[in-house]
Amino acid sequence: MIRTVVPSCSLPNAYFTPVSVLVMTIVAAIDGRKRTDPVVSVGADLAEAYGEELVVLHVVPEDEFEEHRREITRLDGSADYSFTQEEQSAERLVDDVVDETLGAHEASVTSVGRVGSPTEAILSLARDRDARYLVIGGKKRSPVGKAVFGSVTQSVLLDADRPVVTAIDDE
């Protein structure tokens, strides 16, 4: 996103040329499995260090969305559960994880929920928001497995067109 900034003072505007300032963000992608998430902490630290907005994303894979839809339809035969409702649910989950992780935070945080391919959604949001950094999670592995990340983490690391920070979880 590009924001135009015009200095304010008492001189006529003819003396000033608008200046374009690139507004970047930090995108942190969470899997939603934990109430507190080191990905959010690392993303908040980067956002604070660079004075940028933190965008936290949770992507619900399409197969999980279909399972949710089937279960809701089974429980309430007339229910129609949409992508939009699932994305709103994912966004609420992000809100909860951010609140639990950061507590009473003052940082500018935007919660985003998506349905689809996690890798594609993460990379797409990073491009759309022109993220300075992309923060993702990883797990501590055995010596044999250290070179192998989870499939989404590995795909993001290989396909990202910007710096990726991996927050390793000791659990």
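No lab work stands behind these numbers, since they all come straight from the coordinates. If you're wondering where the values come from, they're calculated on a predicted model, not measured in any experiment. So basically every Cβ, Gly included, is an ideal-geometry build from the backbone, and we count neighbours across all protein chains shown.
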Worksheet item: Under a 5 Å amide H to amide H cut-off, with H placed in plane at 1.01 Å, what residues pair with G116 once short-range neighbours are removed?
Response: V60, E62
Worksheet item: Which order do peptides 114-123, 38-47, 88-97, 160-169 fall in by mean Cβ count within 10 Å, highest first?
Response: 38-47, 114-123, 88-97, 160-169
Worksheet item: Given H placed 1.01 Å from N in the peptide plane, which residues other than close sequence neighbours of E53 have an amide H under 5 Å from its amide H?
Response: I26
Fill in: Karplus (6.51, -1.76, 1.60) ³J(HN,Hα), θ = phi - 60°, over the range 93-99, in Hz, Gly and Pro reported as x
4, 4, 3, 5, 5, 4, 4
